[in-house]
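Just so it is clear, none of the values below were taken in a lab; they were calculated from the coordinates. Every value quoted in this text rests on a predicted model; they were computed, and no experiment measured them. Reconstructed Cβ throughout: ideal geometry from the backbone, glycine too, with neighbour counts over all protein chains shown.
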Amino acid sequence: MAKELKQSRAETFVLAGSNGHNGQQWQTGLSNFSHPLGPDHKSRMSRVAFDVRQKCAAYVLALRPWSFSASLTPVALGSALAYKLEGSVDLVILMVCAVTVLVVHGAGNLVNTYYDFSKGIDHKKSDDRTLVDEILAPQDVVMFGALLYSLGCLCATLLYFLSTLRLEHLALIYFGGLSSSFLYTGGIGLKYVALGDVVILITFGPLAVMFSHAVQVGYLSALPLVYAIPLALNTEAILHSNNTRDMDSDKQAGIVTLAILIGSTLSYVLYNLLLFVPYVLFCILATRYTISMALPLLTLPMAFPLEKQFRSRCYAKIPQKTAKLNLLMGLFYVFGIILAPPGSLPTL
Ligand SMILES: CC(C)=CCC/C(C)=C/CC/C(C)=C/CC/C(C)=C/COP(=O)(O)OP(=O)(O)O
Ligand SMILES: Cc1cc(O)c2ccccc2c1O
């Protein structure tokens, strides 16, 4: 009875949507189907199809797909740089690279879900309630994470055969990304000792951009590290808004984040810096090099309401809204690079 209750609660949760993801009214597509084995068989089949879809929806929501812009934009940026500065881009390598980074990011999110739950950091009002609300079992999250890490390794192997990048360089960056994604909350738990921001700045910025650039061109270069700076700052704004929102509950759970260390006023200052410094950099690039670098400035009207919302300390959905800004800013940045006249972009 209790189990049924739990299941129905979890079903309602998935249907209604969690963490602000819009829910879906699942339709089995079997409702008008007259089954030769009778109505009982038909309804059992519909029920199984329904359960499978619900489970799939739960797995997808557990990945927190709203955050995927953070790993897709650096991949696009690295490839755009390779295209512009080296004159070519391999679409198959681009796709495999995007899947590799995405699955390692997704696995990192699951590791985060698992450890935050086991350490009692996630609670009923948390953004991530996959385990708190028993939508999935901890074992499901562990298995799914392991599956994603394996898929990531498979994709990295595929990249080795597709790209001319040396094995030791590919392995260095790939396993750097993989271990950061695990150690963010797993093992020593860098997030719990105020090092999460550094991990995010490095992995979603220089590391992912360099990885995507290197598999395209076949060598390591310092240039992508510089181009990654505006995007990395904006991505860190997502995490910083997340940590500022969770400040009180994180303090209660006994963990330390940068937001806790600097307090709410400085957190507001830092959020503004992370939000607006990239626009200053785009202005400099646009005036000194090429006007196409002004394209990301089109997202400025999205940044001001975020500043206002943060100032009023109403943090609901700020990380998700900052992630939306991150996606658009990243896309405009990539278009700006692609549209730049030949030879106009700064090189080292
Ligand atoms: C270069 C290669 C191959 C891969 C890089 C792939 C990346 C970007 C990996 C980074 C993965 C990573 C560090 C994931 C952590 C994600 C994260 C910031 C989760 C948010 O955690 P919390 O701060 O606990 O937020 P919640 O409160 O919402 O749970
Ligand atoms: C779930 C989640 C939450 C975040 O706040 C993130 C911030 C930056 C990059 C990735 C993030 C993420 O995957």
What is the calculated FRET efficiency for Lys251 to Leu273, with r their C-beta to C-beta distance and R₀ = 25 Å, to the nearest 0.05? 0.60
So what's Rg/Rh here for the chain, counting alpha carbon atoms and using the Kirkwood radius for Rh? 1.01
Computed for the chain: size of charge dipole around the Cα centre, +1 on C-beta of each Lys and Arg, -1 on C-beta of each Asp and Glu, debye to nearest 20, value 600
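Multiply the residue separation of His123 and Leu266 by 0.36 nm, subtract the distance between their alpha-carbon atoms, and state the gained length in nm to one decimal. Working shown, then result.
Working: separation 143, 0.36 × 143 = 51.48 nm, distance 2.61 nm.
Length difference between fully extended and current span is 48.9 nm.
For region 269-348, what does the alpha-carbon gyration tensor say about shape, rounded, prolate or oblate, given a ≥ b ≥ c as the root eigenvalues, a/c under 1.5 as rounded, and a/b over b/c as prolate?
Details: a/c = 3.15, a/b = 2.25, b/c = 1.40.
Verdict is prolate for region 269-348.
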Kindly write out, for region 250-258 in residue order, the coupling ³J(HN,Hα) from the Karplus curve 6.51 cos²θ - 1.76 cosθ + 1.60 (θ = phi - 60°), rounded to whole Hz, with x marking Gly and Pro. 5, 4, 4, 6, x, 9, 10, 10, 4
Charges only on Cβ, +1 for Lys and Arg, -1 for Asp and Glu: so what's the dipole of region 271-348 about the Cα centre, in debye to the nearest 20? 340
Students often get this wrong, so check it: of Lys119/Lys324; Lys125/Lys251; Lys251/Lys317; Lys191/Lys324, which have C-alpha atoms separated by over 26 Å? Lys119/Lys324
Of 305-315, 116-126, ordering from highest average Cβ density within 10 Å down gives 116-126, 305-315
May I ask for the angle, rounded to the nearest 10°, between helix 138-162 and the longest principal axis of the chain, with both axes built from Cα atoms and the value confined to 0 to 90°? 40
Report the label-to-label distance for Tyr315 and Arg47 in nanometres (one decimal), using points 7 Å from each Cα along the Cα→Cβ vector. 4.3
Against the longest alpha carbon principal axis of the chain, how many degrees, from 0 to 90 and to the nearest 10, is the axis of helix 167-183 turned? 50
Set Lys and Arg Cβ to +1 and Asp and Glu Cβ to -1, take the dipole of the chain about its Cα centre, and tell me which of Leu331, Met247, Thr164 lies farthest positive. Met247
Could you please state, rounded to a whole Å, how far the C-alpha centre of region 178-227 is from the C-alpha centre of region 77-146? 13
Estimated vicinal HN-Hα couplings, Hz - region 122-133 in sequence order (Karplus 6.51, -1.76, 1.60; Gly, Pro = x): 7, 9, 4, 9, 5, 5, 9, 10, 3, 8, 4, 8
Using alpha carbons only, how many degrees (0 to 90, rounded to 10) separate the axis of helix 2-16 from the longest principal axis of the chain? 40
